[in-house]
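All remarks here apply to the structure that follows.
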Amino acid sequence: MTTRTYKNDNIEVHWDSSRCVHVAACIRALPDVFNPLDRPWIHLDRADADTVAAAIEHCPTGALRYTRPDGSTELASNPTTIVLVEDGPLVVRGDLHLTDANGETIIRESRLALCRCGGSENRPYCDGTHRRIGFRSTTIPIDSITRDNATNPTDIEPPQTASFDPNAAPLPLPNAED
Ligand code: SF4
Ligand code: FES
């Protein structure tokens, strides 16, 4: 993770380059403030803090975040939404608790873009690799047996290499206290 911070008296902006996939939502929302041709590329003196905050909330990946002088930040959207971007990532918004398989919190966020092409070098986050590898999100039908004809769960899945362990611990549920 490489995060740069930009601030003035009214807002502090954090940009995590490892999660920026350059879809330019920030630039389209407020081109005077977010100009990738400049160094530094963020000019907080060119708009009031509320306008900057509203533009940041357009960033689908969470690469851009902000805090205000009183420590507040954006409110997580409710309900949580998941958008299947065609040939791209899952764009998720809400009060997000991303955990590993052991239930350990990886990150708490209000915006995330999660890789579904499998090619990202920054998994679980999308890093834009889906464009380079030509990922297509169309469903590949499983034609060995249709779900209508299934008589038990093993009919549905293609042959599995791992055997089912009835003693395996259940997957953890998100901890509301995190
Ligand atoms: S909107 Fe977010 S992901 Fe897109 S270019 Fe701006 S910072 Fe990067
Ligand atoms: S979906 Fe974007 S890198 Fe995988």
Within region 28-87, the residues that are under 13 Å from Lys7 (Cβ atoms) and either touching a residue at least 60 places away in the same chain (Cβ under 8 Å) or within 16 Å of ligand 2 (Cβ to nearest atom) (or both) are Pro69
task = Report yes if Arg111 is part of a strand (DSSP E or B), within 12 Å of ligand 1 (Cβ to nearest atom) and closer than 30 Å to Pro170 by Cα, otherwise no.
result = yes
Within region 1-27, the residues that are away from ligand 1 (no atom under 13 Å from the Cβ) and without any contact (Cβ under 8 Å) to a residue 24 or more places away in the chain are Met1, Thr5
Checked region 31-78 for anything over 21 Å from the mean Cα position of the chain (by Cα) and within 12 Å of ligand 1 (Cβ to nearest atom); matches are Pro31, Val33, Asn35, Pro36, Trp41, Ile42
How many residues of region 67-98 are among the β-branched types (Val, Ile, Thr), assigned to a strand (DSSP E or B) and over 22 Å from Cys117 (Cβ atoms)? The answer is 1
For region 34-45, check the following and say yes or no: at least one residue is more than 30 Å from Ser137 (Cβ to Cβ), assigned to a helix (DSSP H, G or I) and not aromatic (Phe, Trp, Tyr). yes
Within region 114-138, residues assigned to a strand (DSSP E or B) and either away from ligand 1 (no atom under 13 Å from the Cβ) or over 15 Å from Val21 (Cα atoms) (or both) come out as Leu114
In region 52-66, residues that are not hydrophobic (A, V, I, L, M, F, W, C) and not in a loop (DSSP other than H, G, I, E, B) total 2
Is it the case that region 81-100 has a residue that's loosely packed, with under 15 Cβ neighbours inside 10 Å and within 16 Å of ligand 1 (Cβ to nearest atom)? yes
Residue hits (region 85-124; of a type in the set (Lys, Arg) and in contact with a Gly (Cβ under 6 Å, 6 or more places away or on another chain)) are Arg111
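Throughout, read-outs are computed from the coordinates displayed, never taken from laboratory work. Note that the structure is predicted; figures quoted are calculated from it, not measured. For neighbour counting, all protein chains shown are included, and Cβ atoms are generated from backbone atoms with ideal geometry for every residue, glycine included.
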